[in-house]
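Enquirer: Before anything else, here's the structure in question.
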Amino acid sequence: MTMARLAAVDLPDFGMPEAIPGIPAAIYGARLEALRARMDERGYDRLVIYADREHSANIAFLTGFDPRFEEAVLVVGPTGEPAILVGNECYGMAGAAPLPMRRHRFQDLSLPSQPRDRSKPLTEILAGEGIGSGSRVGVIGWKSYASRETIEVPAFLVDELRRLVGASGTVENATDLLIDAADGLRVINDVHQLAAFEYAACQTSNGVHQLLSGLRPGMREDEAVRLLAWNGTPLSCHLMLTSGPRASLGLLSPGDRRIERGDRFTVAFGIWGALNCRAGFVVEDAAELPPGIRDYVDRLVGPYFEAVAEWYGALHIGQTGGALHEIVHRRLGDPFFGIYLNAGHQIHLDEWVNSPVAHESTIELRSGMALQVDIIPATGTDFFTTNIEDGIALADASLRAALASVYPDAWERILARRRFMEGSLGIGLHPDVLPFSNIPAFLPPFLLSPDRAMTLAA
């Protein structure tokens with residue numbers, strides 16, 4: 001494979017969407033029926049789905065409603081409208097969801113000391129929804145475990161369910177119905193959801209590009225973060241931006257520290273359906289780095305970019321997660337690189353749904369999967385890190401045709417990104433691969449020279 005080099009790279013303006021792609025209301029009903037089919041296959045009488053602000057993606061996917069300030073509980077039976085349990089502040093919002101639901105005001109989901117005078121007891125609500133002695137109940141939170149008996153939703157709900165079903169019933173973790181890495185309902189996306197994710201990726205990637213282009217020594221972190229131009233779209237994680245010694249911790253929010261020439265620097269911006277991250281040094285070239293790390297590009301960034309490029313080139317429908325893992329392990333397996341987490345994962349409304357990428361994973365990538373390029377070196381040394389985090393999707397010929405037909409502007413942006421990656425960066429892509437980021441694999445290691453990036457192109 002051609003060796004990576006640092007060169008002047010002209011990043012095109014791929015354009016921005018003019019409107020947010022909406023999810024048609026009928027899609028939510030179809031998702032509910034697909035979940036019911038899986039519920040029936042598993043032999044459940046009811047599914048109970050929990051959500052809070054951090055973990056709202058499952059209920060939002062199914063109903064178009066996500067709780068604000070409060071928790072929520074969705075009860076799905078074999079037929080009819082599902083029931084939603086909400087607190088005081090979400091009662092009206094739940095009634096406006098695109099999926100029709102019967103509402104229960106369950107005030108224990110409300111904030112502390114708010115009125116609790118208009119609720120039925122939880123026992124009575126759940127019993128009224130058909131949960132009783134001998135019922136088989138699947139509980140959906142946000143994680144799966146080795147044992148279905150492990151359930152991470154609040155004890156007040158799980159304890160009450162177990163009391164109601166008794167010794168002859170079952171209450172078990174059923175989160176895999178939605179997030180299983182091979183075929184969970186939320187890991188295979190339709191054309192409308194993919195278009196929404198492409199919109200999201202345009203927002204986050206454009207923001208990161210604006211930040212990298214406008215970054216200057218002397219700025220405060222809380223000034224630099226404004227360059228992301230967040231437009232209020234719900235975040236999938238907190239904004240991350242740090243410089244200097246704090247940058248090595250990665251996950252921190254911006255503070256009031258002034259960014260200095262020579263600093264380590266990292267930024268991550270995620271909203272529903274997308275996240276972009278970049279990291280490097282606040283310098284113009286290697287001469288400004290400490291003497292011991294002036295081979296930063298040759299030692300870390302170049303090998304990393306070559307691994308990411310091979311990873312991209314191996315993507316296609318039917319590829320296994322194990323094969324992607326092997327590429328990264330073979331190229332970056334030396335402990336120096338500090339690769340520890342999965343070399344890529346599935347993304348949705350939440351930043352990390354699941355991952356098919358693991359040692360010897362036989363899970364095959366499928367059409368409709370949205371994936372996050374997320375290969376993070378954590379050297380723990382003065383070399384700090386480098387990072388490309390961008391979103392892509394996989395689509396077969398039929399799904400590609402649908403995207404081109406229904407969302408032609410998004411399709412043209414995708415084609416332009418593919419041309420850039422192949423022509424300017426030297427990264428070959430299978431036709432299945434749809435880049436969503438407006439900075440696709442664009443990696444400038446020296447942040448005060450944002451027009452010089454890594455490439456394999458001659």
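The values are calculated or read from the model by the stated rules, or taken from the named source; none is laboratory data. A quick note: this is a predicted structure, and the numbers were derived from the prediction, not measured. Please note: Cβ atoms are built from the backbone with ideal geometry, for glycine as well, and neighbour counts cover all protein chains shown. We work out accessible area using only protein heavy atoms, side chains counted, and drop any ligands, DNA or RNA first. Shrake-Rupley method; radii C 1.70, N 1.55, O 1.52, S 1.80 Å.
Enquirer: Based only on Cα atoms, what mean projected area does the convex hull of region 1-141 have, in nm²? Intermediate values should be presented prior to the final figure.
Expert: Numbers: hull surface 59.6 nm².
That works out to 14.9 nm².
Enquirer: Using the Karplus equation 6.51 cos²θ - 1.76 cosθ + 1.60 (θ = phi - 60°), what ³J(HN,Hα) coupling, rounded to whole Hz, does each residue of region 16-32 give in order, writing x for Gly and Pro?
Expert: Computed from phi, the couplings for region 16-32 are 10, x, 8, 9, 7, x, x, 8, x, 4, 4, 4, 5, x, 5, 5, 4 Hz.
Enquirer: Read through the labelled values (i) 29.2, 109; (ii) 22.5, 69; (iii) 23.4, 72 and report the label of the one computed as Rg and Dmax of the Cα atoms in Å from the structure.
Expert: Computing Rg and Dmax of the Cα atoms in Å and matching it to (i) 29.2, 109; (ii) 22.5, 69; (iii) 23.4, 72 gives (iii).
Enquirer: Based on the mean of other Cβ atoms within 10 Å per residue, sort peptides 369-381, 274-286 so the most packed one is first.
Expert: Details: 369-381: 20.8, 274-286: 22.4.
The densest-packed peptide leads the list: 274-286, 369-381.
Enquirer: Run the numbers on region 369-458 and let me know its relative contact order in percent, using alpha-carbon pairs under 8 Å that are six or more apart.
Expert: On the way: 116 pairs, mean separation 24.3, N = 90.
Computed value for region 369-458: 27 percent relative contact order.
Enquirer: Now for a different question. Note down the magnitude of the dipole of the chain about its Cα centre, charges +1 on Lys and Arg C-beta and -1 on Asp and Glu C-beta and zero elsewhere, to the nearest 20 debye.
Expert: Details: 40 positive and 57 negative charges, 92 e Å.
The calculation lands at about 440 debye.
Enquirer: Once the dipole of the chain is set up with Lys and Arg at +1 and Asp and Glu at -1 on Cβ about the Cα centre, which of Phe336, Leu194, Ala358 lies farthest towards its positive end?
Expert: It is Leu194, whose Cα lies furthest towards the positive end.
Enquirer: Right, here's the next one. Could you sort Trp230, Trp352, Trp411 by their accessible area in this structure, using a 1.4 Å probe and putting the largest first? Intermediate results must be reported in sequence, preceding the final value.
Expert: On the way: Trp230 120, Trp352 95, Trp411 45 Å².
These residues rank, largest area first, as Trp230, Trp352, Trp411.
Enquirer: Determine, for each peptide in 345-351, 121-127, the mean count of other beta carbons within 10 angstrom over its residues, then list the peptides with the highest first.
Expert: Details: 345-351: 23.6, 121-127: 16.9.
Going from most to least packed, we get 345-351, 121-127.
Enquirer: If you don't mind, another one. Once phi is turned into θ = phi - 60°, what whole-Hz ³J(HN,Hα) does the Karplus curve with 6.51, -1.76 and 1.60 give for every residue of region 300-316, x standing for Gly and Pro?
Expert: 3J(HN,Hα) across region 300-316, in whole Hz: 10, 5, x, x, 5, 5, 4, 5, 5, 5, 5, 4, 4, x, 8, 5, 5.
Enquirer: Follow-up question, since we're still on this one. Sort region 295-384 into rounded, prolate or oblate with this rule: let a ≥ b ≥ c be the square roots of the eigenvalues of the Cα gyration tensor; rounded if a/c is under 1.5, and if a/c is not under 1.5, prolate when a/b is larger than b/c, oblate otherwise. All intermediate terms of the calculation are to be shown ahead of the outcome.
Expert: Values: a/c = 2.11, a/b = 1.75, b/c = 1.21.
It is prolate, given that a/c is not under 1.5 and a/b is the larger ratio.
Enquirer: OK, next. Please give the peptides 238-248, 46-56 ranked by average Cβ packing (other Cβ atoms within 10 Å per residue), highest first, as a rough proxy for protection.
Expert: 46-56, 238-248
Enquirer: Before rounding to the nearest 500, sum -39500 (n - 2.57) across all DSSP H runs of length at least 4 in the chain and divide by the residue total; then give [θ] at 222 nm in deg cm²/dmol.
Expert: Numbers: 12 runs with 131 residues, N = 458.
Estimated from H runs of four or more residues: -8500 deg cm²/dmol.
Enquirer: Region 53-90 to region 287-359: how many Å between their Cα centroids?
Expert: 36 Å
Enquirer: Follow-up question, since we're still on this one. Taking all protein chains in place and a 1.4 Å probe, what share, in percent, of the accessible surface of region 288-350 do carbon and sulfur account for?
Expert: Working: 1340 of 2460 Å².
After summing per-atom areas, the C and S share lands at 55 percent.
Enquirer: Still on this model: Which whole-number percentage describes the relative contact order of the chain, with Cα contacts under 8 Å and a sequence gap of 6 or more?
Expert: Result for the chain is 16 percent.
Enquirer: Another one. Ignoring everything but the protein chains, give the 1.4 Å probe accessible area of Phe436 in square angstrom, nearest 10.
Expert: 10 Å²
Enquirer: Lys and Arg at +1, Asp and Glu at -1: add these up for the other residues within a Cβ distance under 10 Å of Gly15 and post the number.
Expert: Values: positive: Arg413; negative: Asp13, Glu18, Asp409, Glu412.
Result for the local shell: -3.
Enquirer: A further question follows. Tell me the relative contact order for region 172-288 as a rounded percent, counting alpha carbon contacts under 8 Å between residues six or more apart.
Expert: Values: 194 pairs, mean separation 29.2, N = 117.
Contact order relative to length: 25 percent.
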